[in-house]
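**Student:** Right, I'll just put the structure down here and ask away after.
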Amino acid sequence: MKKRVYSGIRATGRLHLGNYLGAVKGMLALQDYYDCIFSVVDLHTITVPYDPKTLKQSVREIVLDYLAAGLDPQKCHLEIQSKVPQHTELAYLLSTIYPVSRLEDLPTYKEKRAQYPKYVNMGLLYYPVLMAADILLYKAEVVPAGADQEPHIEVTREIARKFNSMFGNTFPQTERFETEGQYVPALTGQGKMSKSLEGSFINLTDDLETIRKRLASAPTDSGTLSGQIPKEGGVANLFMLLKLFESDSVYNKFEQDYREGKIRYSEMKNVLAEAIYNELKPFQEKRMEFKENSELVDSILDTSLAECHRMSEETMREVREKMGLR
Ligand code: TRP
């Protein structure tokens with residue numbers, strides 16, 4: 001039997017280039033070799049302030065992004081988390097064997113608590129348990145995700161071990177799959193691209209003009225300094241992007257220009273804008289096709305969700321029985 005893979009993306013707005021090169025490319029690489037379930041985790045989405053009127057549309061946008069990026073329903077299962085109620089059932093059952101104190105210590109919980117001091121809810125604390133349930137519901141052994149998710153995967157392993165020791169061997173030890181190019185630097189020159197940081201990202205649906213404009217406001221230096229490319233800041237990030245999207249020869253040319261103190265950033269940004277746009281263009285065309293064919297998308301989802309129900313019910317029957325609930 002093929003190994004199972006599970007990953008999910010929250011439905012907070014559209015995907016940007018960072019999500020694409022981090023999460024989605026990792027998913028693409030795996031669907032040919034493993035039995036994959038890729039989800040839109042809407043139940044995780046609602047643990048922070050959100051708009052119930054637009055949630056459904058946001059979920060749909062991610063589904064379109066998934067399909068346009070090349071996730072192939074013939075090869076993998078697409079899931080909308082809230083449509084598979086076994087997630088919440090398993091999360092509740094797993095929450096009974098895991099300590100609150102450990103959840104309170106997790107960095108993501110602390111960050112969110114600081115970010116939304118008036119919105120510290122049970123769901124936020126419970127977040128990693130639900131994520132463990134997402135993964136264990138399908139007994140997934142591999143999870144493509146960014147490095148920031150490692151503490152959650154560790155919780156998943158702890159819960160699996162605890163369950164196995166209390167109720168008998170049931171769940172695997174899940175590993176995170178490191179995705180290449182997962183660190184996509186912010187245009188602002190600080191940290192990585194993030195949806196919540198204005199001016200830091202490029203959207204997957206941006207046209208060439210928009211990409212040019214976004215790059216134009218990325219900070220640089222006076223260009224007269226010669227020497228090594230800096231390790232951080234605007235120039236460092238532009239070079240990192242160039243490395244991700246351009247050939248070695250183009251990268252080397254600009255690196256040499258930099259070292260010789262004759263770099264022209266407007267030229268470099270233009271080259272970079274075109275390279276990024278060329279990467280995105282086929283994605284944008286495919287996305288438009290799916291967007292215009294909503295019946296096709298609906299039927300893909302229906303088929304996929306039926307498979308997800310079947311797989312997750314299999315695990316739940318085993319779990320209920322082992323826990324003495326039937
Ligand atoms: N916590 C993940 C994030 O913020 C989203 C997520 C929820 C997830 N459930 C998952 C990722 C299961 C991988 C596997 O990106």
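**Student:** Calculate the FRET efficiency for A147 and R259 from the Cβ-Cβ distance with a Förster distance of 25 Å, rounded to the nearest 0.05.
**Tutor:** With R0 = 25 Å, the Cβ-Cβ based efficiency is 0.25.
**Student:** Which value, in debye to the nearest 20, gives the size of the charge dipole of segment 208-287 about its Cα centre, when Lys and Arg are +1 and Asp and Glu are -1 at the Cβ?
**Tutor:** Details: 13 positive and 12 negative charges, 49 e Å.
Around 240 debye, computed over segment 208-287.
**Student:** With charges set only on the Cβ (+1 for Lys and Arg, -1 for Asp and Glu), what does the dipole of segment 244-326 come to about its Cα centre, in debye to the nearest 20?
**Tutor:** 340
**Student:** For segment 191-199, take each phi angle, set θ = phi - 60°, evaluate the Karplus expression 6.51 cos²θ - 1.76 cosθ + 1.60, and give the result in whole Hz per residue in order, putting x for glycine and proline.
**Tutor:** x, 9, 4, 8, 4, 8, 10, 4, x
**Student:** Provide, as a two-decimal number, the C-alpha radius of gyration of segment 208-287 over 2.2 N^0.38 Å, N being how many residues it has.
**Tutor:** Values: Rg = 13.0 Å, N = 80, 2.2 N^0.38 = 11.6 Å.
Ratio of Rg to 2.2 N^0.38 Å for segment 208-287: 1.12.
**Student:** Could you give the dipole magnitude of the chain about its Cα centre, charging the beta-carbon of Lys and Arg +1 and that of Asp and Glu -1, in debye to the nearest 20?
**Tutor:** Here the size comes out at about 700 debye.
**Student:** Want the number for E295 to N270: 0.36 nm per residue separation, take away the alpha-carbon distance, what's left?
**Tutor:** Extending this stretch completely gives an extra 5.1 nm.
**Student:** Towards the positive end of the charge dipole of the chain, with charges on Cβ (+1 Lys, Arg; -1 Asp, Glu), say which of A160, V142, F245 has the farthest Cα.
**Tutor:** Among A160, V142, F245, the one farthest towards the positive end of the dipole of the chain is A160.
**Student:** Please compute the modelled spin-label separation between T12 and D207, points set 7 Å along Cα→Cβ, answer in nm with one decimal.
**Tutor:** For D207 paired with T12, the spin-label model returns 2.9 nm.
**Student:** I've got another one for you. I'm checking a number: the convex hull volume of the Cα atoms of segment 1-118, normalised per residue, in Å³. What is it? Each step should come with its number before you reach the end.
**Tutor:** Working: hull volume 16.7 nm³, N = 118.
Hull volume over Cα atoms, normalised by residue count, gives 142 Å³.
**Student:** Which one, G261, G233, A273, is farthest towards the positive end of the dipole of segment 139-297 when Lys and Arg carry +1 and Asp and Glu -1 on their Cβ?
**Tutor:** G233
**Student:** Shifting gears a bit: Over the Cα atoms of the chain, how large are the radius of gyration and the largest Cα-Cα distance (Dmax), in Å?
**Tutor:** Cα only, the chain: 21.6, 74 Å (Rg, Dmax).
**Student:** If you count, for each residue, the other Cβ atoms within 10 Å and average over each peptide, how do 300-309, 197-206 line up from highest to lowest?
**Tutor:** Highest-to-lowest ranking by the protection proxy: 197-206, 300-309.
**Student:** Next question, about the same structure. Placing +1 on the Cβ of each Lys and Arg and -1 on the Cβ of each Asp and Glu in the chain, which of A69, F177, H87 has its Cα farthest towards the positive end of the resulting dipole?
**Tutor:** Projecting each Cα onto the dipole axis, the largest value belongs to H87.
**Student:** Hey, rough spin-label estimate for M166 and D105, points 7 angstrom out along Cα→Cβ, what's it come to in nanometres?
**Tutor:** If labels sit at M166 and D105, their model points lie 1.8 nm apart.
**Student:** Then there's this: Under 17 Å from the Cα of K56, which aspartates and glutamates turn up, not counting those fewer than eight places away in the same chain?
**Tutor:** Partners within reach: D42, D65, E79, E295, D298, D302.
**Student:** Then there's this: Quote to one decimal, in nm, the extra length available between Y116 and I229 on full extension: 0.36 nm per residue of separation minus the C-alpha distance between them.
**Tutor:** Here the answer is 36.9 nm.
**Student:** Measure off 7 Å from each Cα along the Cα-to-Cβ vector at S194 and R320, then give the distance between these two points in nanometres to one decimal.
**Tutor:** Taking the two extended label points, one gets 4.2 nm.
**Student:** Same structure again: Working from Cα positions, state the angle (0 to 90°, nearest 10) between the long axis of helix 234-245 and the longest principal axis of the chain.
**Tutor:** 70
**Student:** Here's a follow-up. What do you get for the angle between helix 294-322 and the principal long axis of the chain? Use alpha-carbon atoms, 0 to 90 degrees, nearest ten.
**Tutor:** With both axes taken from Cα atoms, the answer is about 50 degrees.
**Student:** On to the next question. Among the lysines, select those whose C-alpha is under 23 Å from the C-alpha of K110, and discard any that sit fewer than 8 residues away in the same chain.
**Tutor:** K118, K192, K195
**Student:** Evaluate the relative contact order of the chain (contact order divided by residue number), counting alpha-carbon pairs under 8 angstrom at least 6 apart; express in whole percent.
**Tutor:** Computed value for the chain: 22 percent relative contact order.
**Student:** Using a 4.7 Å cut-off between beta carbons, which cysteines in the chain end up with no partner cysteine at all?
**Tutor:** When partners are defined as cysteine Cβ atoms under 4.7 Å apart, the chain leaves C308 without one.
Read the figures in this text as sums done on the coordinates, not as results from a lab. Since the structure is predicted, the reported quantities are computational estimates derived from the model, not experimental observations. Cβ coordinates were reconstructed from backbone atoms using ideal geometry, including for glycine residues, and neighbour counts include every protein chain displayed.
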